[in-house]
Amino acid sequence: MNNALVLTNGLLKTSDAKTAHGLIRGTERFTIKGIIDNDATAGQDAGEVLDGKKRNIPVYASLESATAGPDAIQYLIIGVATVGGYLPANMLEIIKAAIPKGISIVNGLHEYLNDRPEIVELAKDYGVELIDVRRPKKRADLHFWTGEIFNVKATIVAVIGTDCAMGKRTTARMLQQACAANGLKAEMIYTGQTGWLQGGKYGFIFDSTLNDFVSGELEHAIVSCWKETGADVIFLEGQSALRNPSGPCGLELLISGNAKQVVLVHAPKRVYFDDDPHWGKIPNVESEIDIIEKFGSRVIALALNTQGCTNEEAYAFQKQYEDSLKIPVLLPIQEGVDKIIPELKKLKA
(Lines give C-alpha, C1' and ligand atoms only; values in the text may rest on other atoms or scores of the structure.)
Protein backbone atom coordinates (compact mmCIF):
# COMPACT_ATOMS: atom_id res chain seq x y z
CA MET A 1 0.00 0.00 0.00
CA ASN A 2 1.06 3.61 -0.61
CA ASN A 3 -1.35 5.44 1.67
CA ALA A 4 -0.05 8.95 2.29
CA LEU A 5 -0.72 12.13 4.18
CA VAL A 6 0.44 15.47 2.80
CA LEU A 7 1.90 18.05 5.17
CA THR A 8 1.18 21.73 4.46
CA ASN A 9 0.96 23.02 8.04
CA GLY A 10 -1.03 26.20 7.41
CA LEU A 11 0.12 26.85 3.84
CA LEU A 12 -2.59 24.91 1.98
CA LYS A 13 -4.25 28.04 0.60
CA THR A 14 -0.97 29.56 -0.61
CA SER A 15 1.10 29.04 -3.75
CA ASP A 16 3.85 27.57 -1.55
CA ALA A 17 1.67 24.45 -1.33
CA LYS A 18 1.68 23.79 -5.09
CA THR A 19 3.11 20.30 -4.47
CA ALA A 20 0.10 19.51 -2.28
CA HIS A 21 -2.21 21.06 -4.87
CA GLY A 22 -0.88 18.71 -7.51
CA LEU A 23 -1.32 15.68 -5.28
CA ILE A 24 -4.87 16.72 -4.40
CA ARG A 25 -5.68 16.91 -8.11
CA GLY A 26 -4.29 13.45 -8.75
CA THR A 27 -1.43 10.97 -8.33
CA GLU A 28 -0.85 7.41 -9.45
CA ARG A 29 2.07 6.87 -7.05
CA PHE A 30 0.22 7.39 -3.76
CA THR A 31 -3.28 7.18 -2.32
CA ILE A 32 -3.78 10.49 -0.56
CA LYS A 33 -5.68 9.94 2.68
CA GLY A 34 -5.58 13.48 4.01
CA ILE A 35 -3.87 16.84 4.29
CA ILE A 36 -2.35 18.10 7.55
CA ASP A 37 -2.84 21.87 7.57
CA ASN A 38 -4.26 23.85 10.50
CA ASP A 39 -7.41 24.65 12.50
CA ALA A 40 -8.66 27.13 9.89
CA THR A 41 -9.06 24.48 7.17
CA ALA A 42 -9.52 21.34 9.29
CA GLY A 43 -12.74 19.46 8.65
CA GLN A 44 -13.03 20.67 5.06
CA ASP A 45 -12.49 18.75 1.85
CA ALA A 46 -9.05 19.55 0.39
CA GLY A 47 -10.43 19.75 -3.14
CA GLU A 48 -13.03 22.28 -2.12
CA VAL A 49 -10.37 24.34 -0.34
CA LEU A 50 -8.20 24.21 -3.47
CA ASP A 51 -10.63 24.93 -6.29
CA GLY A 52 -14.16 24.20 -5.11
CA LYS A 53 -14.23 20.59 -6.36
CA LYS A 54 -14.93 17.87 -3.80
CA ARG A 55 -12.30 15.12 -3.94
CA ASN A 56 -12.98 13.24 -0.69
CA ILE A 57 -9.60 14.15 0.79
CA PRO A 58 -10.10 15.46 4.34
CA VAL A 59 -8.05 18.24 5.88
CA TYR A 60 -6.78 17.70 9.43
CA ALA A 61 -5.35 20.09 11.98
CA SER A 62 -2.68 17.72 13.30
CA LEU A 63 -0.75 14.52 12.71
CA GLU A 64 -2.57 12.92 15.64
CA SER A 65 -6.03 13.52 14.18
CA ALA A 66 -4.87 12.50 10.70
CA THR A 67 -3.58 9.13 11.93
CA ALA A 68 -6.51 8.38 14.24
CA GLY A 69 -8.59 6.75 11.50
CA PRO A 70 -8.70 3.11 10.38
CA ASP A 71 -6.34 3.50 7.40
CA ALA A 72 -2.69 2.60 7.91
CA ILE A 73 -0.44 5.40 6.68
CA GLN A 74 2.87 4.52 5.03
CA TYR A 75 4.08 7.95 3.90
CA LEU A 76 4.08 11.57 4.97
CA ILE A 77 4.77 13.85 2.00
CA ILE A 78 6.08 17.37 2.54
CA GLY A 79 3.61 19.23 0.37
CA VAL A 80 5.24 22.64 0.10
CA ALA A 81 7.85 24.18 -2.20
CA THR A 82 9.38 27.03 -0.23
CA VAL A 83 11.58 29.85 -1.53
CA GLY A 84 15.11 28.50 -1.39
CA GLY A 85 13.85 24.99 -0.69
CA TYR A 86 14.22 25.27 3.08
CA LEU A 87 12.34 22.97 5.44
CA PRO A 88 10.08 25.06 7.71
CA ALA A 89 11.09 24.49 11.33
CA ASN A 90 7.53 23.84 12.47
CA MET A 91 7.27 20.95 10.00
CA LEU A 92 10.39 19.28 11.39
CA GLU A 93 8.68 18.56 14.69
CA ILE A 94 5.78 16.89 12.86
CA ILE A 95 8.25 14.79 10.87
CA LYS A 96 9.93 13.71 14.10
CA ALA A 97 6.55 12.70 15.49
CA ALA A 98 5.58 10.76 12.35
CA ILE A 99 8.65 8.55 12.18
CA PRO A 100 7.96 6.66 15.46
CA LYS A 101 4.52 5.86 14.03
CA GLY A 102 6.27 3.85 11.30
CA ILE A 103 5.66 6.49 8.64
CA SER A 104 8.27 7.11 5.94
CA ILE A 105 8.93 10.70 4.88
CA VAL A 106 8.92 11.94 1.28
CA ASN A 107 10.66 15.28 0.90
CA GLY A 108 10.72 17.36 -2.28
CA LEU A 109 12.67 20.29 -0.85
CA HIS A 110 16.29 21.20 -1.55
CA GLU A 111 17.09 20.71 2.15
CA TYR A 112 17.63 16.97 2.47
CA LEU A 113 16.44 14.95 5.43
CA ASN A 114 19.27 12.48 4.87
CA ASP A 115 21.71 15.28 5.74
CA ARG A 116 20.22 15.57 9.25
CA PRO A 117 21.94 12.95 11.45
CA GLU A 118 19.22 13.03 14.12
CA ILE A 119 16.50 12.34 11.54
CA VAL A 120 18.56 9.61 9.86
CA GLU A 121 19.11 7.92 13.24
CA LEU A 122 15.43 8.16 14.13
CA ALA A 123 14.40 6.69 10.78
CA LYS A 124 16.89 3.84 11.25
CA ASP A 125 15.51 3.10 14.72
CA TYR A 126 11.97 2.73 13.40
CA GLY A 127 12.79 1.13 10.05
CA VAL A 128 11.32 3.81 7.79
CA GLU A 129 12.56 5.49 4.62
CA LEU A 130 13.70 9.07 4.11
CA ILE A 131 13.10 9.84 0.43
CA ASP A 132 14.73 13.08 -0.75
CA VAL A 133 13.21 13.46 -4.20
CA ARG A 134 15.44 16.39 -5.17
CA ARG A 135 18.76 14.76 -4.27
CA PRO A 136 20.91 15.01 -7.43
CA LYS A 137 21.71 11.93 -9.47
CA LYS A 138 25.21 10.51 -9.37
CA ARG A 139 27.48 11.67 -12.20
CA ALA A 140 27.49 8.15 -13.68
CA ASP A 141 23.70 8.27 -14.03
CA LEU A 142 23.56 11.56 -15.93
CA HIS A 143 23.21 11.87 -19.71
CA PHE A 144 24.83 14.36 -22.08
CA TRP A 145 22.93 15.71 -25.10
CA THR A 146 23.54 13.66 -28.26
CA GLY A 147 21.20 14.96 -30.98
CA GLU A 148 19.07 11.81 -30.90
CA ILE A 149 16.11 14.08 -30.17
CA PHE A 150 15.92 14.81 -33.89
CA ASN A 151 14.89 11.20 -34.55
CA VAL A 152 11.74 11.51 -32.42
CA LYS A 153 8.62 11.51 -34.63
CA ALA A 154 6.11 12.43 -31.90
CA THR A 155 4.70 15.95 -31.68
CA ILE A 156 6.62 17.59 -28.83
CA VAL A 157 4.71 20.32 -27.00
CA ALA A 158 6.34 22.51 -24.34
CA VAL A 159 3.98 23.80 -21.65
CA ILE A 160 5.68 26.95 -20.43
CA GLY A 161 4.44 29.97 -18.49
CA THR A 162 4.96 33.68 -18.16
CA ASP A 163 5.84 33.21 -14.46
CA CYS A 164 6.36 30.62 -11.72
CA ALA A 165 3.42 28.85 -10.07
CA MET A 166 1.17 29.32 -13.10
CA GLY A 167 -0.17 25.77 -13.30
CA LYS A 168 2.17 24.48 -16.01
CA ARG A 169 2.35 20.97 -14.59
CA THR A 170 -1.41 20.83 -13.98
CA THR A 171 -2.07 22.02 -17.51
CA ALA A 172 0.36 19.48 -19.00
CA ARG A 173 -1.25 16.68 -17.01
CA MET A 174 -4.73 17.77 -18.10
CA LEU A 175 -3.58 17.91 -21.73
CA GLN A 176 -2.24 14.36 -21.48
CA GLN A 177 -5.52 13.13 -20.00
CA ALA A 178 -7.59 14.97 -22.62
CA CYS A 179 -5.57 13.35 -25.41
CA ALA A 180 -6.14 9.91 -23.92
CA ALA A 181 -9.88 10.57 -23.81
CA ASN A 182 -9.86 11.66 -27.47
CA GLY A 183 -7.91 8.88 -29.12
CA LEU A 184 -4.42 10.40 -29.00
CA LYS A 185 -1.61 8.53 -27.28
CA ALA A 186 0.09 11.14 -25.13
CA GLU A 187 2.81 11.15 -22.48
CA MET A 188 4.18 13.83 -20.18
CA ILE A 189 7.80 14.53 -19.24
CA TYR A 190 7.97 15.79 -15.66
CA THR A 191 10.70 18.25 -14.72
CA GLY A 192 9.91 18.84 -11.03
CA GLN A 193 9.44 16.85 -7.84
CA THR A 194 5.64 17.00 -7.95
CA GLY A 195 5.55 15.31 -11.34
CA TRP A 196 7.44 12.38 -9.85
CA LEU A 197 5.17 12.37 -6.79
CA GLN A 198 2.16 12.21 -9.10
CA GLY A 199 3.51 9.03 -10.64
CA GLY A 200 5.41 10.31 -13.67
CA LYS A 201 7.49 7.62 -15.35
CA TYR A 202 9.55 9.80 -17.67
CA GLY A 203 11.42 12.90 -16.58
CA PHE A 204 14.01 14.37 -14.26
CA ILE A 205 14.26 17.03 -11.56
CA PHE A 206 15.39 20.10 -13.49
CA ASP A 207 16.65 22.22 -10.62
CA SER A 208 18.66 19.39 -9.06
CA THR A 209 20.56 18.64 -12.27
CA LEU A 210 24.07 19.92 -13.05
CA ASN A 211 23.70 22.57 -15.73
CA ASP A 212 25.91 20.72 -18.24
CA PHE A 213 23.51 17.78 -18.17
CA VAL A 214 20.10 19.51 -18.22
CA SER A 215 19.81 19.28 -22.01
CA GLY A 216 20.94 15.67 -22.00
CA GLU A 217 18.58 14.59 -19.23
CA LEU A 218 15.72 16.29 -21.05
CA GLU A 219 16.63 14.62 -24.35
CA HIS A 220 17.07 11.22 -22.67
CA ALA A 221 13.64 11.44 -21.04
CA ILE A 222 11.90 12.38 -24.31
CA VAL A 223 13.73 9.79 -26.44
CA SER A 224 13.16 7.02 -23.88
CA CYS A 225 9.50 7.92 -23.62
CA TRP A 226 8.99 7.88 -27.39
CA LYS A 227 10.90 4.62 -27.94
CA GLU A 228 9.07 2.80 -25.16
CA THR A 229 5.53 4.13 -25.68
CA GLY A 230 5.28 5.22 -29.31
CA ALA A 231 3.41 8.31 -28.14
CA ASP A 232 1.70 10.57 -30.68
CA VAL A 233 2.20 13.63 -28.47
CA ILE A 234 4.74 14.31 -25.71
CA PHE A 235 4.11 17.22 -23.35
CA LEU A 236 7.06 18.82 -21.56
CA GLU A 237 6.39 20.35 -18.15
CA GLY A 238 7.95 23.81 -18.00
CA GLN A 239 9.71 25.37 -15.02
CA SER A 240 9.85 29.04 -13.94
CA ALA A 241 9.54 31.33 -16.98
CA LEU A 242 11.59 32.66 -19.87
CA ARG A 243 12.03 36.06 -18.21
CA ASN A 244 11.59 35.45 -14.48
CA PRO A 245 14.83 36.95 -13.10
CA SER A 246 15.01 34.53 -10.16
CA GLY A 247 15.40 31.57 -12.51
CA PRO A 248 14.93 32.16 -16.22
CA CYS A 249 14.07 28.86 -17.83
CA GLY A 250 12.29 27.37 -20.82
CA LEU A 251 14.52 27.75 -23.86
CA GLU A 252 16.01 24.33 -23.04
CA LEU A 253 12.64 22.78 -23.87
CA LEU A 254 12.43 24.59 -27.20
CA ILE A 255 16.03 24.02 -28.30
CA SER A 256 17.42 20.91 -26.59
CA GLY A 257 13.98 19.29 -26.37
CA ASN A 258 13.08 20.31 -29.95
CA ALA A 259 9.58 21.37 -28.90
CA LYS A 260 8.25 23.10 -31.99
CA GLN A 261 4.80 23.58 -30.43
CA VAL A 262 4.04 25.50 -27.23
CA VAL A 263 1.10 25.90 -24.90
CA LEU A 264 1.72 29.15 -23.02
CA VAL A 265 0.24 29.58 -19.54
CA HIS A 266 -0.55 33.09 -18.32
CA ALA A 267 -2.28 34.70 -15.34
CA PRO A 268 -3.94 37.91 -16.63
CA LYS A 269 -4.35 39.42 -13.15
CA ARG A 270 -0.79 38.80 -11.98
CA VAL A 271 1.26 41.97 -12.48
CA TYR A 272 4.72 41.18 -11.08
CA PHE A 273 7.01 38.15 -11.22
CA ASP A 274 6.26 36.06 -8.12
CA ASP A 275 3.93 38.91 -7.06
CA ASP A 276 7.00 40.89 -6.02
CA PRO A 277 7.16 44.47 -7.43
CA HIS A 278 10.93 44.52 -6.89
CA TRP A 279 11.34 41.69 -9.42
CA GLY A 280 9.63 43.64 -12.19
CA LYS A 281 6.45 43.44 -14.22
CA ILE A 282 5.50 40.36 -16.19
CA PRO A 283 5.74 41.24 -19.90
CA ASN A 284 2.64 40.95 -22.03
CA VAL A 285 1.60 37.74 -23.77
CA GLU A 286 2.25 39.12 -27.24
CA SER A 287 5.91 39.81 -26.48
CA GLU A 288 6.32 36.32 -24.96
CA ILE A 289 4.88 34.73 -28.09
CA ASP A 290 7.24 36.85 -30.21
CA ILE A 291 10.28 35.53 -28.30
CA ILE A 292 9.10 31.92 -28.64
CA GLU A 293 8.59 32.34 -32.38
CA LYS A 294 12.06 33.84 -32.78
CA PHE A 295 13.43 30.53 -31.47
CA GLY A 296 11.56 28.60 -34.15
CA SER A 297 8.58 27.36 -32.15
CA ARG A 298 4.88 28.16 -32.41
CA VAL A 299 2.36 28.91 -29.67
CA ILE A 300 -0.67 26.76 -30.52
CA ALA A 301 -2.78 27.73 -27.48
CA LEU A 302 -2.87 30.02 -24.47
CA ALA A 303 -4.00 28.59 -21.13
CA LEU A 304 -5.22 31.02 -18.48
CA ASN A 305 -4.53 30.79 -14.79
CA THR A 306 -7.57 32.67 -13.50
CA GLN A 307 -6.26 33.34 -10.00
CA GLY A 308 -8.14 36.34 -8.60
CA CYS A 309 -10.76 36.28 -11.37
CA THR A 310 -14.49 35.84 -11.11
CA ASN A 311 -15.97 33.42 -13.65
CA GLU A 312 -17.25 36.38 -15.63
CA GLU A 313 -13.76 37.90 -15.73
CA ALA A 314 -12.22 34.57 -16.73
CA TYR A 315 -14.51 34.23 -19.75
CA ALA A 316 -14.00 37.89 -20.65
CA PHE A 317 -10.21 37.39 -20.66
CA GLN A 318 -10.67 34.25 -22.77
CA LYS A 319 -12.62 36.18 -25.41
CA GLN A 320 -10.19 39.10 -25.32
CA TYR A 321 -7.17 36.89 -25.99
CA GLU A 322 -8.92 34.76 -28.60
CA ASP A 323 -9.93 37.89 -30.49
CA SER A 324 -6.42 39.35 -30.39
CA LEU A 325 -4.25 36.24 -30.75
CA LYS A 326 -6.44 34.11 -33.04
CA ILE A 327 -5.49 30.89 -31.22
CA PRO A 328 -7.45 28.67 -28.81
CA VAL A 329 -7.53 30.08 -25.28
CA LEU A 330 -8.02 27.42 -22.62
CA LEU A 331 -9.63 27.78 -19.21
CA PRO A 332 -8.34 24.55 -17.65
CA ILE A 333 -10.19 24.88 -14.33
CA GLN A 334 -13.50 26.15 -15.73
CA GLU A 335 -13.68 24.20 -19.01
CA GLY A 336 -10.86 21.70 -19.24
CA VAL A 337 -8.50 21.68 -22.20
CA ASP A 338 -10.39 19.77 -24.92
CA LYS A 339 -10.46 22.88 -27.12
CA ILE A 340 -6.89 22.14 -28.22
CA ILE A 341 -7.56 18.56 -29.34
CA PRO A 342 -8.45 19.40 -32.99
CA GLU A 343 -5.14 21.26 -33.37
CA LEU A 344 -3.18 18.33 -31.91
CA LYS A 345 -4.93 15.89 -34.24
CA LYS A 346 -4.02 18.09 -37.21
CA LEU A 347 -0.37 18.04 -36.13
CA LYS A 348 -0.41 14.25 -35.85
CA ALA A 349 -1.90 13.93 -39.33
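The values are calculated or read from the model by the stated rules, or taken from the named source; none is laboratory data. Please read all numbers here as calculations on a predicted model, not as lab measurements. Note that each Cβ is placed from the backbone with ideal geometry, even for glycine, and that neighbours are counted across all protein chains shown.
Structure notes:
- Residue within region 159-177 that is hydroxyl-bearing (Ser, Thr, Tyr) and either outside the structural domain of Glu252 (by TED's automatic domain parsing) or part of a strand (DSSP E or B) (or both) present: no
- Matching residues in region 18-31 - criterion: being at negative phi and touching a residue at least 40 places away in the same chain (Cβ under 8 Å): Lys18, Thr19, Ala20, His21, Gly22, Leu23, Arg25, Thr27, Glu28, Arg29, Phe30
- Scanning region 100-115 for residues that are in a helix (DSSP H, G or I) and not hydrophobic (A, V, I, L, M, F, W, C) turns up Pro100, Lys101, Asn114, Asp115.
- Checking Val271 against (1) surrounded by 20 or more Cβ atoms within 10 Å (Cβ to Cβ); (2) farther than 30 Å from Ile77 by Cβ; (3) β-branched (Val, Ile, Thr), the condition it does not meet: (1)
- Pair list, Cβ under 9 Å, 6 or more apart: region 225-243 residue closer than 9 Å to Met188 by Cα and outside any strand (DSSP E or B), other residue among the β-branched types (Val, Ile, Thr) and at pLDDT 95 or above: Cys225/Val152; Cys225/Ile189; Cys225/Ile234
- Qualifying positions in region 116-142 - more than 23 Å from the chain's Cα centre (by Cα), part of a loop (DSSP other than H, G, I, E, B) and over 19 Å from Pro88 (Cα atoms): Gly127, Val128, Glu129, Lys138
- Cβ-Cβ distances below 6 Å connect the following pairs, each with a first residue in region 310-339 that is of a type in the set (Lys, Arg), a second residue that is outside any helix (DSSP H, G or I), and a separation of six or more residues or different chains: Lys339/Pro328; Lys339/Leu330.
- Considering only residues in region 270-291 that are touching a residue at least 60 places away in the same chain (Cβ under 8 Å) and of a type in the set (A, V, I, L, M), the one that is nearest to Leu175 (Cα to Cα) turns out to be Val285.
- Filtered by the rule that a residue be out of contact with any strand residue (DSSP E or B) (no Cβ under 6 Å at 6 or more places or on another chain) and β-branched (Val, Ile, Thr), region 170-203 gives Thr170, Thr194.
- Top-ranked residue of region 1-51 - restricted to ones that are of a type in the set (D, E, K, R) and under 21 Å from Tyr75 (Cβ atoms), ranked as surrounded by the most Cβ atoms within 10 Å (Cβ to Cβ): Asp37
- In region 247-297, the residues that are of a type outside the set (Lys, Arg) and farther than 28 Å from Leu344 by Cα: Gly247, Val271, Tyr272, Phe273, Asp274, Asp275, Asp276, Pro277, His278, Trp279, Gly280, Ile282
- Region 89-111 - residue that is farther than 18 Å from Ser62 by Cβ and without any contact (Cβ under 8 Å) to a residue 60 or more places away in the chain and, of those, surrounded by the most Cβ atoms within 10 Å (Cβ to Cβ): Asn107
- Helices (runs of 4 or more DSSP H) within region 12-99 that include 1 or more residues over 17 Å from the mean Cα position of the chain (by Cα) and at pLDDT below 95: 89-98
- Restricting attention to region 229-246 and to residues that are over 24 Å from Lys201 (Cβ atoms) and surrounded by fewer than 17 Cβ atoms within 10 Å (Cβ to Cβ), the residue that is modelled with the highest pLDDT turns out to be Pro245.
- Among the conditions (1) out of contact with any His (no Cβ under 8 Å at 6 or more places or on another chain); (2) surrounded by fewer than 15 Cβ atoms within 10 Å (Cβ to Cβ); (3) of a type in the set (Gly, Ala, Ser), Gly84 misses just one, which is (1).
- Candidates in region 300-315 are the residues that are surrounded by 13 or more Cβ atoms within 10 Å (Cβ to Cβ) and β-branched (Val, Ile, Thr); of these, the one that is farthest from Glu288 (Cα to Cα) is Thr306.
- Of residues in region 247-267 being in a loop (DSSP other than H, G, I, E, B) and out of contact with any Asp or Glu (no Cβ under 8 Å at 6 or more places or on another chain), the one surrounded by the most Cβ atoms within 10 Å (Cβ to Cβ): Ala259
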